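Reviewing the structure listed below.
The values are calculated or read from the model by the stated rules, or taken from the named source; none is laboratory data. Just so you know, these numbers come straight off a predicted model, no measurement behind them. Backbone-built Cβ (ideal geometry, glycine too); neighbour counts: all protein chains shown.
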Amino acid sequence: MSPDISHGDSVFEKKTLQAIHKEIQHVYLADNRPWVIGYSGGKDSTTALQLVWYALKELPKEKREKPVYVISSDTLVETPIMVDFIDRTLGSINDIATKENMPFKAEKLRPLINQSFWVNLIGRGYAAPQQRFRWCTDRLKIQPSNRFVQEKISKYGEVVLVLGVRRQESATRAQVMSLYQIPNSVLSRHSKFPRAYVYTPIKDWTLDDVWYYLLQIPSPWGNDNRDLVALYQNAQGECPLVVDDTTPSCGNSRFGCWVCTVVTNDKSMRALINAGEEWMQPLLEIRDLLALTQDPKLKPIYREYKRRKGFVSFKSDGSGVISRGPYKLEFCKKLLKMVLKAQMHVRKQGPDPNMWLILPEELHEIRRIWKTERGDWEDSVPKIYREITGENLDWVNDDVAFSSKEKSLLMEICQKNNLPVQLVMKLFDVELQTQGMSRRSSIYNKIDQIFFEEWRPEEELLKSVNKMGSRNDV
């Protein structure tokens with residue numbers, strides 16, 4: 001029998017814990033749709049998962065057959081302390097579930113390597129995310145969770161997504177939850193998938209309800225919930241499972257990404273360092289540098305004047321100011337060195353001597369992008385990795401790639417003939433990429449695209465704009 005943990009002005013004044021368990025059991029047994037529970041390691045998702053665990057444990061074994069998937073998103077740039085905590089917790093959940101014949105299966109989700117944070121930022125040169133351009137949320141969080149949900153829908157037909165979200169979190173969250181609520185049901189419709197339903201067992205809980213529950217009811221998989229209190233000191237919330245773009249940034253939270261630049265000041269990482277985690281200082285320096293690149297006055301230092309497709313875009317305010325493109329390749333090289341140095345540092349000073357801040361698979365993809373899209377004939381990634389780590393990865397040799405010697409020769413020839421060296425390099429790269437193909441018709445379109453790019457130097461372009469008096473004439 002579950003205890004009555006009624007206290008003060010709370011949800012427990014209206015419902016006993018047993019009544020909450022009964023509701024969970026009713027929803028679980030109502031159909032054959034499997035459950036997917038979003039778990040971040042924070043207080044709300046922990047509360048939702050505990051409630052479901054204890055409610056299902058009260059059912060007879062033969063009624064606990066419907067699978068319950070516990071998923072946790074790993075953006076590959078999560079705060080290292082939380083990565084370790086989540087890994088240990090997911091392992092404990094799976095171990096205890098097996099021992100107690102519970103239907104839970106915990107899995108960690110990751111973004112596709114070609115869409116990871118470092119591949120996009122260091123590889124493609126994407127500028128650090130900001131409030132108006134949070135490209136990271138979709139690629140690192142929404143897409144991995146949506147792929148998992150879609151996979152289960154394809155297998156089972158329909159699913160129920162269990163989320164630890166509360167109306168009290170924000171007015172926007174409350175509005176979204178009400179918008180998709182199914183009349184006369186505890187379920188809501190998913191904002192994207194018509195065959196997915198959302199169940200929010202703690203939607204009416206207060207913050208006090210959550211903490212009171214966690215401190216009164218022990219973790220069924222062996223964690224000490226009092227550790228969450230320590231994790232939340234000086235923090236401002238958690239990152240729930242992100243399934244749409246209404247979820248706010250988690251940059252102020254210890255449960256967010258350590259590279260987050262959507263917020264102005266990363267209070268959580270500074271608090272961790274002040275609390276004794278000095279090994280995280282190089283991570284904070286990288287994060288602060290990325291935030292610095294968002295300063296409008298400093299953008300010309302770090303970012304190209306052309307967009308990734310080769311054209312120049314101006315701000316819409318009529319000022320004639322260029323809307324900058326991706327990070328310059330030289331700055332990306334600097335960032336790669338900083339990340340690798342930080343990785344060496346945290347392995348020596350941090351909790352895990354095998355910690356990866358940037359995975360080998362990401363390094364291989366960055367190398368590919370630099371060589372095929374950014375004109376890195378020097379093949380810099382293996383050189384930088386060897387310079388910083390003293391080691392080599394299993395690099396794939398490219399016998400037909402151009403070298404730095406050939407680039408030097410090309411630069412000399414282009415200077416004599418007054419030609420943009422990057423233009424000629426791109427033409428060579430297109431030829432190299434299509435070499436050996438049985439049908440090379442696409443090469444003509446690619447060549448046309450290269451010739452249509454802006455090849456004037458930035459200074460010459462701006463003089464032309466000022467002389468003509470209109471950027472539309474460029």
Query raised in the report: Of 51, 59, which residue is assigned by TED's automatic domain parsing to the domain that holds residue 22, assigned to a loop (DSSP other than H, G, I, E, B) and farther than 21 Å from residue 346 by Cβ?
Result: 59
Report task. Could you please give the count of residues in the stretch 382-408 that are assigned to a helix (DSSP H, G or I) and either among the hydroxyl-bearing types (Ser, Thr, Tyr) or in contact with a His (Cβ under 8 Å, 6 or more places away or on another chain) (or both)? Result -> 4
Report summary line: Of the residues in the stretch 411-437, those that are among the charged types (D, E, K, R) and within 11 Å of residue 375 (Cβ to Cβ) come to 426, 429
Query raised in the report: Pick from the stretch 200-212 the residues that are assigned to a helix (DSSP H, G or I) and surrounded by fewer than 16 Cβ atoms within 10 Å (Cβ to Cβ): which of them is nearest to the chain's Cα centre (by Cα)?
Result: 207
Query raised in the report: Are any of the residues in the stretch 329-342 modelled with pLDDT under 85 and either touching a strand residue (DSSP E or B) at 6+ places or on another chain (Cβ under 9 Å) or farther than 27 Å from residue 394 by Cα (or both)?
Result: no
Query - Members of the stretch 190-216 that are in contact with a strand residue (DSSP E or B) (Cβ under 9 Å, 6 or more places away or on another chain), closer than 14 Å to residue 153 by Cα and not hydrophobic (A, V, I, L, M, F, W, C) - result: 190, 195, 197
Query raised in the report: Is there a residue in the stretch 294-307 that is part of a loop (DSSP other than H, G, I, E, B), at pLDDT below 90 and over 26 Å from residue 374 (Cα atoms)?
Result: no
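Report whether or not residue 100 is more than 24 Å from residue 350 (Cβ to Cβ) and either in contact with a Cys (Cβ under 6 Å, 6 or more places away or on another chain) or free of Cβ contacts under 8 Å to residues at least 12 places away in the same chain (or both).
So residue 100 does not fit the description; no.
Please go through the stretch 402-461 and give me each residue that is of a type in the set (Lys, Arg) and either at positive phi or exposed (fewer than 11 other Cβ atoms within 10 Å of the Cβ) (or both), ordered by number.
Result: 405, 416, 439.
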Query raised in the report: Does at least one position in the stretch 269-287 carry a residue that is assigned to a helix (DSSP H, G or I), in contact with a Ser or Thr (Cβ under 6 Å, 6 or more places away or on another chain) and buried (at least 19 other Cβ atoms within 10 Å of the Cβ)?
Result: no
Report summary line: In the stretch 58-94, anything aromatic (Phe, Trp, Tyr) and under 21 Å from residue 258 (Cα atoms) is listed as 85
Requested in this report: Taking only the stretch 342-361 into account, find how many residues are polar (S, T, N, Q), surrounded by 13 or more Cβ atoms within 10 Å (Cβ to Cβ), farther than 20 Å from residue 119 by Cβ and without any contact (Cβ under 8 Å) to a residue 60 or more places away in the chain.
Outcome: 0
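Only one residue in 29, 56, 90, 51 is hydrophobic (A, V, I, L, M, F, W, C), modelled with pLDDT of 95 or more and loosely packed, with under 15 Cβ neighbours inside 10 Å, so which one is that?
29
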Query raised in the report: When the residues of the stretch 130-150 are filtered to those that are in contact with a Phe, Trp or Tyr (Cβ under 8 Å, 6 or more places away or on another chain) and of a type in the set (Phe, Trp, Tyr), which remaining residue is farthest from residue 116 (Cα to Cα)?
Result: 148
**Report entry** Any pair with Cβ under 7 angstrom, 6 or more apart, that starts in the stretch 448-467 at a residue that is within 13 Å of residue 422 (Cβ to Cβ) and ends at one that is part of a loop (DSSP other than H, G, I, E, B) and small (Gly, Ala, Ser)
**Finding:** 453/310; 454/310
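Let's see how each residue does on (1) in contact with a Pro (Cβ under 7 Å, 6 or more places away or on another chain); (2) farther than 28 Å from residue 26 by Cβ; (3) part of a helix (DSSP H, G or I):
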| position | (1), (2), (3) |
| --- | --- |
| 45 | yes, no, yes |
| 55 | no, no, yes |
| 85 | no, yes, yes |
| 102 | no, no, no |
| 105 | yes, no, no |
| 121 | no, yes, yes |
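Determine if the stretch 303-311 includes at least one residue that is under 19 Å from the mean Cα position of the chain (by Cα), in contact (Cβ under 8 Å) with a residue 12 or more places away in the chain, closer than 20 Å to residue 133 by Cα and not assigned by TED's automatic domain parsing to the domain that holds residue 39.
no
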Report task. Quickly run through the stretch 213-233 and pick out the residues that are among the polar types (S, T, N, Q), loosely packed, with under 14 Cβ neighbours inside 10 Å and within 17 Å of residue 82 (Cβ to Cβ). Result -> 233
